[in-house]
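Every number in this text was worked out from the coordinates using simple rules, so none of it is lab data. As the structure is a computational prediction, the values presented were derived from the model and not from experiment. Every residue, glycine as well, gets a Cβ built from its backbone with ideal geometry; the counts of neighbours run over all protein chains shown.
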Amino acid sequence: MQVKTLYHSPIGTLALISDSGALTSVIFQKEAAFAAAVSEIADGQNKALCDAELWLNSYFKGDIPKGLPELGLSGTKYQLAVWEELLKIPYGKTSSYKEIAIRAAENTGSPGFSAQAAGGAAGRNPVPIIVPCHRVIGSDGSLTGYRWGVSIKKALLSLENAL
């Protein structure tokens, strides 16, 4: 059963959603899915949501969060490989879409994927911030391609002193 809690962050309210004790989604208030999540998913609390709130509290204080809440990510083999690579980008560091594409292709045994394919998979990340798709930038260092807006990407990278 899905449950949710609302988290009030410096970048806006986030809906944290858990299913079967694992964090499955972080939805920004400005997303169309936010209203449905708020109205259709019961309020609740479990270990994954508590852990996500603690993780986010630490993150938004400017600390490097320790551990991850249990994640219940669901996607294609390639999306999961990209999200796994995103989790490897250290706090305060960035990686390019091209670098992510190369590593994800290697991990899936595929001959290769484009930077655009990696960007597409990053843009479908259901657990932004915690799975740090904001740490992926263009090969030229530009802050491109953030589904939730470049201003939020810039704010998150600034918080991490990654700019």
Please find, in a Gaussian network model of the chain (springs between Cα atoms separated by less than 10 Å), the residue of THR144, THR76, THR13 whose mean-square fluctuation is greatest. THR76
What does the charge add up to near ILE152, with Lys and Arg as +1, Asp and Glu as -1, over the other residues with Cβ less than 12 Å from its Cβ? +3
Rg over Rh, two decimals, segment 2-60 (C-alpha only, Kirkwood Rh): 0.93
Which whole-number percent of Cα pairs in segment 77-159 have a distance greater than 20 Å? 21 percent
Sequence-distant lysines (8 or more away, or on other chains) whose Cα lies within less than 23 Å of LYS30: LYS4, LYS61, LYS153, LYS154
Degrees separating the helix 97-108 axis from the principal Cα axis of the chain, which is the longest one: 80 degrees
What ³J(HN,Hα) values, in whole Hz, does the Karplus curve 6.51 cos²θ - 1.76 cosθ + 1.60 give for segment 118-128 when θ = phi - 60°, with x put for Gly and Pro? 5, x, x, 5, 4, x, 9, 4, x, 10, x
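Take the alpha carbon gyration tensor of the chain, find the square roots of its eigenvalues, order them as a ≥ b ≥ c, and report rounded if a/c is under 1.5; if not, report prolate when a/b exceeds b/c, else oblate. If you can, show how the numbers build up before the last one.
Numbers: a/c = 1.76, a/b = 1.39, b/c = 1.26.
Prolate.
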I want the antiparallel fraction of DSSP beta bridges within the chain, as a percent rounded to 5. 70 percent
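What does the charge count near VAL82 come to, summing +1 for each Lys or Arg and -1 for each Asp or Glu among other residues with Cβ under 15 Å from its Cβ?
Working: positive: LYS77, LYS88, LYS98, ARG103, ARG124, ARG135, ARG147; negative: GLU84, GLU85, GLU99, GLU106.
Here the count lands on +3.
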What net charge do the residues around ALA104 carry, taking every other residue with its C-beta under 14 Å from that of ALA104, with Lys and Arg at +1 and Asp and Glu at -1? +1
Helix-only mean residue ellipticity at 222 nm, the chain, DSSP H runs n ≥ 4 weighted -39,500 (n - 2.57), per residue, nearest 500. What is it? -12000 deg cm²/dmol
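Students often check this: by mean Cβ neighbours within 10 Å, which of 16-25, 125-134, 87-96 ranks highest, and how do the rest follow? Intermediate results must be reported in sequence, preceding the final value.
Values: 16-25: 20.0, 125-134: 23.8, 87-96: 15.0.
Packing order, densest peptide first, comes out as 125-134, 16-25, 87-96.
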